[in-house]
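Take a look at the structure set out below.
The values are calculated or read from the model by the stated rules, or taken from the named source; none is laboratory data. Owing to the predicted nature of the structure, the values given are computational and were not obtained by experimental measurement. Reconstructed Cβ throughout: ideal geometry from the backbone, glycine too, with neighbour counts over all protein chains shown. For accessibility, only protein heavy atoms count, side chains too; no ligands or nucleic acids. Shrake-Rupley method; radii C 1.70, N 1.55, O 1.52, S 1.80 Å.
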Amino acid sequence: MRAFLPSDSCKETQLNAINPQSWLQVERGKFSKLSSSCTTASSSIESFIKVPEPPIVPFFKPVDYVEVLAQIHEELESCSLQERSNLYLLQFQIFRGLGETKLMRGSLRSAWQKAGTVHERLVFVAWLKYEKQGEELIVDLLATCNKCAQEFGPMDVASQFPVEVDGASQETVVTDGEKSLKNVNFWIGDEKIVCRRQKIASLSAPFHAMLNGYFNESLCEDIDLSENNISPLGLRTISVFSVTGCLSDVPPDLLLEILVFANKFCCERLKDACDRKLASSVCTKDDAVELMEYAIEENSPVLAASCLQVFLHELPDCLNDERVVEIFSHADRQQRLIMAGQACFSLYCLLSEVAMNLDPRSGNTVCFLEQLIESAETDRQRLLAFHQLGCVRLLRKEYDEAESLFERAVGLGHVYSIAGLARLGYIKGHKLWSYEKLSSVISSVNPLGWMYQERSLYCKGDRWEDLEKATELDPTLTYPYMYRAASLMMKQNVQAALGEINRVLGFKLALECLELRFCLYLANEDYKAALRDVQVILTLSPDYRMFEGRVAASQLRTLVHEHVDNWTTADCWMQLYDRWSSVDDIGSLSVIYQMLESGEAKGVLYFRQSLLLLRLNCPDAAMRSLELACQHASNEHERLVYEGWILYDTGHCEEGLRKAEESIRTKRSFEAFFLKAYALADSSMDFSCSSTVISLLENALKCPSDNLRKGQALNNLGSVYVDCGKLDLAADCYINALKIRHTRAHQGLARVHFLRNDKAAAYVEMTKLIEKAKNNASAYEKRSEYCDRDLTKADLEMVTQLDPLRVYPYRYRAAVLMDSSKEKEAIAELSRAIAFKADLHLLHLRAAFHEHVGDVLAALRDCRAALSIDPNHQEMLELHSRVNSHEP
């Protein structure tokens, strides 16, 4: 959850109240040095270097997510259409627990595409739209290319409901002479409405019985309907409908009156017509609020769905309206079915997520999660709902209720909820019980990193051993690094503390880790480094608040900046050039932030910022920077380039190319040619387009630009020449790029050496890159291709240390073990990474290994889990088909 805050239950990790001015607004050189009295310094550090314990997150976290993904995939192969969306929703919940944002959206899209009901389509299209908040610019840009993005637009709800004709309401011909009166006169007060008797009789069984049965009215020509809450105009409209079957130009108020009357007299065709007509009149949230009440009271599913669409379309803002919240939070089972049909659980999953992101402690969040529990139909749905509400109750310090909920989740098989019970045990003073509870879990299943992380909170002595084990099992957990760094700092071991926090920041740019490193630098009076980190924090999250929300990061940045010399524009460009050349992406981000503050050419700088953020795997922040680049473009042709990159980065390559061409027609520029070359090279598998790409990059290099971008163009040009087999031209490009300090060109030049059969020179070239680059995990990985097996193994071990999320080293080591007939060790190597990273290639290789050793069931499990990640992966489909044919 975006706003799910850490629990404040562990007393020993609470931050003291801080006043940043007290330790920032001091004269330089007057701050107490760490080299002074150990006790004084330790006390000073401890006042603001605190690590909150990791939160109990409201996610579905099965012990073996691969097994559950495989089960879901198997169920999807044979389930009914009505069950599919719920299975994809469960798949989404698993990917969310793994932090796999791209896979989460894929599951939501599948749930929408495979939806079996209109309500499911409404819920999942709203969810996808909610997940893509802030991407409205993309829709506008597509419109400028004459391409409309309709997927998130309003749906004609009425057309999605089948028209049901009730056979009992068909017209009946009566031959009995005594009952063959042609017309009937209905009186409402003093007004007479003449109706065709048999047309009215055909509207419903009650009317048929009244006019043709054994009631007195069947013999009457005049019948008084004054006491039935229908106006003369309403009854005339009903009379017309009985003949024509249509409701034309009827105002909403009259439709509501007729709807109530139709419900009272069981006129299903009339009711359905009113329902659909009213549904088309719902335009605003106020309309929806008013009409949803009628829809629920009169059991009008089309109208209810239309109102629901309006509410969902306005998420999250509509949850600030108490009237809307009231409708959702107090609905009973029957009312939920009218509103959402079979999509009740999906609806309240979405509402709960939005509410938790707004305020996880709010009463709205609790109400929606209680409704989620009521809507759950399967054990897997119930355990998710119990766990999520348990997490919210824990945040609200409603400990007894939280305990009951976690126990129910555990009872249904959600082992992760034991972490919630352990945290509650600690709060209530049962620290040993909490420790033993986690120990029991660790000894009974294949342990995961979070289990050791949680148990570390309840250790009698040092937590270090458990946290080392947590990092070994799941290196993506940030708390162990933060705790170790803070502990080392308390012991005055500054470099070791920084080294520890740098381990995780080398592959995961987590805000909480940047914040801790900021504190470490402050304690060490390294204000330049502290300023760098707080500026990167503000780049990633402009509204970020530090120290558990007590202080705005922007305020701290202002205070720290007073202790750092100001840079001129020339200084900034030199600093940016140095950091870009040394592949210091974090440092480059900080410099760009400072340049933006000083009023430099903002469009260009926001664009450079977006490139760095993409390299750092921060796609949302990168898109925000690109949009800011558009807003601050200094001219039309520059803006067109940035729009082209936005379209290209969101998968609209053809439209991105058109923007580049339009920019070139406006004015020939480096960035326009570069964009067109990049998009064309990436989108076309045809080598015949290479000459076009080469020409475009040559044109780009003829246009004015700085060396940072020209180095990239030369590097790209070299790559195209290599693909064409023109190694001499490629080498010239890479050498020229290196002359202007484009450090990454070492990798291209190494490839040229390798293709010239000079493996030793390739190794030396990659060594130069490793020595120069601050972020060099990828360089070690590439160098491993140019050396013998022992050196390869050493390089790939270094890659795993620097960036444990890179999967190639695990695959290589597993393959070597398999070649050595060490099947169990090979499978274990892959399993080590699969435990914390859902990766198709790892699962594919492990499935092949299982097949090789004859473990068909394990191979089939991995195939199914891999196809949950990419259902269209051809090699995976073939392996799955082959393995499936061998299943006993």
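Filter segment 828-877 down to residues that are within 28 Å of LEU108 (Cα to Cα), outside any helix (DSSP H, G or I) and not hydrophobic (A, V, I, L, M, F, W, C) and give me whichever is least open to solvent (accessible area, probe 1.4 Å).
ASP839
Which members of segment 741-752 meet the condition of being open to solvent by less than 40 Å² (accessible area, probe 1.4 Å), part of a helix (DSSP H, G or I) and of a type outside the set (A, V, I, L, M, F, W, C)?
Answer for segment 741-752, where residues must be open to solvent by less than 40 Å² (accessible area, probe 1.4 Å), part of a helix (DSSP H, G or I) and of a type outside the set (A, V, I, L, M, F, W, C): HIS746, GLY748.
Of all residues in segment 726-768, which are without any contact (Cβ under 8 Å) to a residue 40 or more places away in the chain and of a type in the set (Val, Ile, Thr)? Can you show your working first?
Quick first cut of segment 726-768, residues without any contact (Cβ under 8 Å) to a residue 40 or more places away in the chain only: 726-740, 745-768.
Once the filter is applied, which keeps residues that are without any contact (Cβ under 8 Å) to a residue 40 or more places away in the chain and of a type in the set (Val, Ile, Thr), segment 726-768 yields ILE735, ILE740, VAL752, VAL764, THR767.
Specify the residue that is surrounded by the fewest Cβ atoms within 10 Å (Cβ to Cβ); the eligible residues are those in segment 310-329 that are part of a loop (DSSP other than H, G, I, E, B) and out of contact with any Asp or Glu (no Cβ under 9 Å at 6 or more places or on another chain).
PRO316
Considering only segment 650-664, state which residues are closer than 16 Å to ARG639 by Cβ and open to solvent by less than 50 Å² (accessible area, probe 1.4 Å).
Of everything in segment 650-664, those that are closer than 16 Å to ARG639 by Cβ and open to solvent by less than 50 Å² (accessible area, probe 1.4 Å) turn out to be GLU655, GLY656, LYS659, ALA660, SER663, ILE664.
Starting from segment 541-565, keep only residues that are closer than 13 Å to GLU515 by Cα, then list their pairs with residues that are open to solvent by 70 Å² or more (accessible area, probe 1.4 Å) and of a type outside the set (S, T, N, Q) whose Cβ atoms are within a distance under 7 Å, requiring at least 6 positions of separation or different chains.
VAL551/ARG545; ALA552/ARG545; ALA553/ARG545
Identify the residue in segment 665-705 that is among the hydroxyl-bearing types (Ser, Thr, Tyr) and in a loop (DSSP other than H, G, I, E, B) and, among all such residues, is least open to solvent (accessible area, probe 1.4 Å). Spell out how you get there, then give the answer.
Taking segment 665-705 and keeping what is among the hydroxyl-bearing types (Ser, Thr, Tyr), we get 666, 669, 678, 683-684, 688, 690-692, 695, 705.
When the remaining residues are screened for being in a loop (DSSP other than H, G, I, E, B), the result is 669, 684, 705.
Values: SER669: 18, SER684: 37, SER705: 46 Å².
The residue in question is SER669.
Could you go through segment 763-773 and let me know if any residue there is among the small types (Gly, Ala, Ser) and within 36 Å of the chain's Cα centre (by Cα).
yes
What is the residue count in segment 508-542 for residues that are in contact with a strand residue (DSSP E or B) (Cβ under 8 Å, 6 or more places away or on another chain) and either farther than 28 Å from GLY99 by Cα or not β-branched (Val, Ile, Thr) (or both)?
The number of residues fulfilling the criteria is 2.
Within segment 878-888, how many residues turn out to be surrounded by fewer than 16 Cβ atoms within 10 Å (Cβ to Cβ) and either among the charged types (D, E, K, R) or in contact (Cβ under 8 Å) with a residue 12 or more places away in the chain (or both)?
So the count comes out to 6.
Out of curiosity, is LEU738 within 25 Å of ALA633 (Cα to Cα), in a helix (DSSP H, G or I) and open to solvent by less than 50 Å² (accessible area, probe 1.4 Å)?
no
What tally of residues in segment 835-887 results from selecting those that are within 27 Å of the chain's Cα centre (by Cα) and at positive phi?
Qualifying residue count, segment 835-887: 0.
If you take just the helices (runs of 4 or more DSSP H) that sit entirely in segment 67-154, which of them hold at least 1 residues that are surrounded by 18 or more Cβ atoms within 10 Å (Cβ to Cβ), more than 15 Å from the chain's Cα centre (by Cα) and not hydrophobic (A, V, I, L, M, F, W, C)?
81-98, 118-131
Take segment 547-586 and flag every residue that is of a type outside the set (A, V, I, L, M), in contact with a Phe, Trp or Tyr (Cβ under 8 Å, 6 or more places away or on another chain) and either part of a helix (DSSP H, G or I) or surrounded by fewer than 14 Cβ atoms within 10 Å (Cβ to Cβ) (or both).
Matches in segment 547-586: GLN575 only.
If a residue must be under 18 Å from LYS264 (Cα atoms) and open to solvent by 30 Å² or more (accessible area, probe 1.4 Å), how many such residues does segment 188-198 contain?
The qualifying residues number 0.
Take the residues in segment 219-270 that are touching a Leu at 6+ places or on another chain (Cβ under 9 Å) and in a loop (DSSP other than H, G, I, E, B), then tell me which one is surrounded by the fewest Cβ atoms within 10 Å (Cβ to Cβ).
Filtering first and then ranking leaves GLU221.
Take segment 441-474 and flag every residue that is polar (S, T, N, Q), in a helix (DSSP H, G or I) and open to solvent by 70 Å² or more (accessible area, probe 1.4 Å).
Listed by number, the residues that qualify are SER443, SER444.
Say we look at segment 379-438 and pick out the residues that are polar (S, T, N, Q) and farther than 22 Å from GLN453 by Cα; which of these is surrounded by the most Cβ atoms within 10 Å (Cβ to Cβ)?
Filtering first and then ranking leaves GLN381.
Under the condition of being touching a helix residue (DSSP H, G or I) at 6+ places or on another chain (Cβ under 6 Å) and modelled with pLDDT of 95 or more, which residue from segment 721-735 is most open to solvent (accessible area, probe 1.4 Å)? Spell out how you get there, then give the answer.
From segment 721-735, those touching a helix residue (DSSP H, G or I) at 6+ places or on another chain (Cβ under 6 Å) are 721-722, 724, 727, 729-731, 733-734; that's our starting set.
From the residues that got through so far, the ones that are modelled with pLDDT of 95 or more too are 721-722, 727, 729-731, 733-734.
On the way: TYR721: 19, VAL722: 11, LEU727: 35, LEU729: 79, ALA730: 0, ALA731: 6, CYS733: 11, TYR734: 4 Å².
The residue in question is LEU729.
Please list, ordered by first then second residue, the pairs with beta carbon atoms under 8 Å, 6 or more apart or interchain, first in segment 811-827 and at negative phi and assigned to a helix (DSSP H, G or I), second open to solvent by 50 Å² or more (accessible area, probe 1.4 Å) and at pLDDT below 95.
Short answer, once both residue conditions are applied: VAL816/ARG789.
How many residues, within segment 878-888, are in contact with a Lys or Arg (Cβ under 8 Å, 6 or more places away or on another chain) and in a loop (DSSP other than H, G, I, E, B)?
Final tally of qualifying residues: 0.
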